[in-house]
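For reference, the structure discussed in these notes is given below.
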Amino acid sequence: MGIKTVKFGGSSLCDADHFRMVADIIKSDPERRYVVPSAPGKRSKDDIKVTDMLYECYKFARERMTREFDATYEKICDRYNGIISGLGLNFDISGELEYIKQAILMRAGRDFAASRGEYLNSLILAKYLGYDFIDAENVIFFKEGGNIDMELTESALSYELKKHERAVIPGFYGKMPNDTVKTFSRGGSDITGSIVALASGSDLYENWTDVSGVLMADPRIVENPCVIEKITYRELRELSYMGASVLHEDATFPVRNAGIPINVRNTLRPEDPGTMIVKSAKGYDKKHIITGIAGKKGFSVITIESDMMNSEVGFGRKVLEIFEEFGLSFEHLPSGIDTMSVILATSEIEGREDRLLRALKHSVHPDSITVEKGLALIAVVGRGMVKSKGTAARVFKACTEADVNIRMIDQGSCELNIILGVNEADFEAAVGAIYGEFVH
Ligand code: ASP
């Protein structure tokens, strides 16, 4: 029998009804042996996540705002008690709730406070499922600087998991060398799930959320975009980097090295197959030459012009040295015979533009140097592009037909993506047109 690690996001565990759906999913497949829950998420658009309330409590405790602290903590207790009574469980967590309250008031730390959302949810889920509970602080270890200690974690966790046929392990947190609790960044239960999948030798890491998989485009721009059936880790990284929000960006690394696939699934529609994220995929769907489209606004182009630039050895190095001195990382670097353009996030240069331009002028004495803001970048990603002719032509045709002017093009040498730069005002039209060209 294989092993599956299953992670459930906060929206999948927001109340008793959702707990029941989650339990049905877990129980319907005996291979689903290790479960990583998030803290209860929003029950409606205006609701507040338990993690956010815990951060609030920490702040109120620090500022000695006792009334506000009590009121918010009360709401947290109500959320958990509501789940327990809704499930009809005979389980008293009042001692835990009181201990956590006192610990936060005694300044147990911001990360400790935030981590209790996952901790309490896991205790309840373990009880409901009849699974063992493994506290993440005994098996997930961080190093002094705050990075995960993978070696120690993997050996401690795999040793512990072997002792448990089935277990629930809270997401999001672990322990520092000085024994204090530390969390990953927001959404970090995805990382815990990935680590548990690795350490348990799982064949599959299922990540259950509230959408039926990774979408081909942002649903705020494209109506009802298709779900991607299969995507490679590299393609996913390209799309995530350009703004597609799917998993925590560090979540793929543990399973990726071990070649364990991730299946993104929808708790509300367990019959949907979701998206498979795999190390490599031979084929691609001929209908879908591209895998997905993502993009972001808020970029600037700094164009440096200098006659005979091409023959001046070291020009590019000098330019990039200045960016390095300013601690600026750039996105793209298209160049011509006498021009070199550096594309980077506008937020990176805000407040230091003048100093940057002065430094560039001083270093390379260009004929001119200009800054243009308001650029949006769009990544058209697909492993199928390398084998199909005319993909770029179709991207351009779509943009032309949508009356969008393309200001920059960059095709990665691996032919996994085509990056376009367009005016921010044209962003949505361009994404919609490209999607329409390839999908329908
Ligand atoms: N509960 C944490 C958050 O809201 C971690 C997670 O859900 O993955 O960010």
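Computed with a 1.4 Å probe over protein heavy atoms only, the accessible area of Asp179 comes to about 100 Å². Can you figure out the FRET efficiency of Glu372 with Lys42, using R₀ = 60 Å and their beta-carbon distance, to the nearest 0.05? Calculated value: 0.95.
Return the Rg/Rh ratio of region 391-430 with Cα-based radii and a Kirkwood Rh.
On the way: Rg = 10.2 Å, Rh = 10.5 Å.
With Rg and the Kirkwood Rh in hand, the quotient comes to 0.97.
Looking at region 35-121, I'd like the Rg to Rh ratio, where Rg is from alpha-carbon atoms and Rh is Kirkwood's inverse mean 1/r.
On the way: Rg = 12.6 Å, Rh = 13.2 Å.
Taking Rg over the Kirkwood Rh, I get 0.95.
Region 41-117: which trypsin sites (Lys or Arg not before Pro) are DSSP loop and have at most 10 other beta-carbon atoms within 10 angstrom? Sites meeting the loop and neighbour criteria: Lys45, Arg64. Placing unit charges on the Cβ atoms only, positive for Lys and Arg and negative for Asp and Glu, gives the chain a dipole magnitude near 780 debye about its Cα centre. If R0 is 30 Å, what FRET efficiency do you get for Lys279 and Glu144 from their C-beta distance, rounded to 0.05? About 0.40, to the nearest 0.05. Considering only Met308, Gly41, Gly201, whose Cα is most displaced toward the positive end of the charge dipole of the chain, charges sitting on Cβ of Lys, Arg (+1) and Asp, Glu (-1)? Towards the positive end, the residue furthest out is Gly201.
Take the eigenvalues of the Cα gyration tensor for region 120-198, scale each by 5, and report the square roots as semi-axes in whole Å, largest first. All intermediate terms of the calculation are to be shown ahead of the outcome.
Numbers: eigenvalues 83, 39, 23 Å².
Gyration-tensor ellipsoid for region 120-198: 20, 14, 11 Å.
Could you work out the local net charge near Asp272, counting Lys and Arg as +1, Asp and Glu as -1, over the other residues with Cβ closer than 11 Å to its Cβ? Local net charge: 0. Relative contact order of the chain, taken over Cα pairs closer than 8 Å and 6 or more residues apart, is 13 percent. Karplus-based coupling profile of region 237-253, in residue order and whole Hz: 5, 4, 5, 5, 4, 8, x, 6, 9, 10, 10, 4, 5, 8, 6, 7, 4, with θ = phi - 60° in 6.51 cos²θ - 1.76 cosθ + 1.60 and x standing for Gly or Pro. Approximating the spin labels as points 7 Å out from Cα along Cα→Cβ, the Asn81-to-Leu152 distance works out to 3.9 nm.
I'd like to check one number: the per residue accessible area of the chain, probe 1.4 Å, reported in Å² as a whole number. Walk me through the intermediate numbers first.
Values: 20490 Å² over 440 residues.
I get 47 Å² per residue for the chain.
Treating each Cα of region 230-381 as one equal point scatterer and applying the Debye formula with no solvent, the log10 of I(q)/I(0) at q = 0.13, 0.21 Å⁻¹ comes out as -0.76, -1.23. Placing +1 on the Cβ of every Lys and Arg and -1 on the Cβ of every Asp and Glu, with nothing else charged, gives region 298-440 a dipole about its Cα centre of roughly 460 debye.
Of the residues Val342, Phe299, Val227, the one whose Cα sits farthest toward the positive end of the charge dipole of the chain, with +1 on the Cβ of Lys and Arg and -1 on the Cβ of Asp and Glu, is Val227. The trypsin sites (Lys or Arg not before Pro) of region 166-201 that DSSP puts in a loop, and whose beta carbon has at most 13 other beta carbons within 10 Å, are Arg186. How many percent of Cα pairs in region 294-411 exceed 23 Å? So the portion of pairs separated by more than 23 Å is 39 percent.
Direction-averaged shadow area of the convex hull around the Cα atoms of the chain, nm²? It would help to have the intermediate numbers written out before the result.
Working: hull surface 98.5 nm².
Mean projected area of the Cα convex hull: 24.6 nm².
Taking 8 Å as the Cα distance limit and 6 or more residues as the minimum spacing, I'd like the relative contact order of region 1-134 as a percentage. Write down the numbers at each step before the final one.
On the way: 168 pairs, mean separation 37.4, N = 134.
Across region 1-134, relative contact order equals 28 percent.
Here region 1-68 and region 183-225 have alpha carbon centers that stand 14 Å from each other. Around the Cα centre of region 1-133, unit charges on the Cβ atoms of Lys, Arg, Asp and Glu (plus for the first two, minus for the last two) sum to a dipole of about 300 debye. Considering only Val6, Ala113, Thr183, the residue lying farthest towards the positive end of the dipole of the chain is Val6, judged by Cα position with unit charges set on Cβ. Spin-label model, Lys318/Asp24: points 7 Å from Cα along the beta carbon direction are separated by 6.9 nm.
Measuring with a 1.4 angstrom probe and ignoring ligands and nucleic acids, Phe330 comes out at about 80 Å² accessible. For region 116-160, the spread of Cα positions along the three principal axes, ordered from largest to smallest, is 35, 23, 10 Å. Of the residues Phe8, Phe326, the one with the largest accessible area comes first in the ranking Phe326, Phe8, computed with a 1.4 Å probe on protein heavy atoms.
For trypsin sites (Lys or Arg not before Pro), the sites in region 307-405 that DSSP calls loop and that have at most 16 other Cβ atoms within 10 Å are Arg352, Lys389. Ordered by solvent-accessible area of protein heavy atoms (1.4 Å probe), largest first, the residues Phe112, Phe315, Phe133 come out as Phe133, Phe112, Phe315. Of the residues Thr370, Thr339, ranked by 1.4 Å probe accessible area with the largest first, the sequence reads Thr370, Thr339.
When the chain is fully extended, how far beyond the present Cα-Cα distance does Thr400 get from Thr180, taking 0.36 nm per residue of separation? It would help to have the intermediate numbers written out before the result.
Details: separation 220, 0.36 × 220 = 79.20 nm, distance 5.68 nm.
Stretched out fully, the Thr400 to Thr180 stretch lengthens by 73.5 nm.
Taking Lys and Arg as +1 and Asp and Glu as -1, the other residues whose beta-carbon sits under 14 Å from that of Lys318 total -2.
Please state, as a whole number in µm²/s, the translational diffusion coefficient that the Stokes-Einstein equation yields for region 199-254 at 25 °C and 0.890 mPa s, with Rh defined as the Kirkwood radius across alpha carbon pairs.
Working: Rh = 12.6 Å.
The calculation lands on 195 µm²/s.
Other residues lying with their Cβ under 15 Å from the Cβ of Ser28 contribute a combined charge of +2, Lys and Arg counting +1, Asp and Glu -1.
Compute the FRET efficiency between Ser311 and His332 as 1/(1 + (r/R0)^6), taking r as their Cβ-Cβ distance and R0 = 25 Å, and round to the nearest 0.05. Write down the numbers at each step before the final one.
Values: r = 23 Å, r/R0 = 0.93.
Efficiency, from the Cβ-Cβ distance: 0.60.
The helix-based estimate of mean residue ellipticity at 222 nm for the chain, built from -39,500 (n - 2.57) per DSSP H run of four or more residues and divided by its residue count, is -12000 deg cm²/dmol to the nearest 500.
The values are calculated or read from the model by the stated rules, or taken from the named source; none is laboratory data. The model shown is predicted, which means the values in this text are computed figures rather than measured ones. Neighbour counts are summed over all protein chains in view; Cβ atoms, including those assigned to glycine, are modelled from backbone coordinates with ideal geometry. Ligands, DNA and RNA are excluded from the accessible area calculation, which covers all protein heavy atoms including side chains. Shrake-Rupley method; radii C 1.70, N 1.55, O 1.52, S 1.80 Å.
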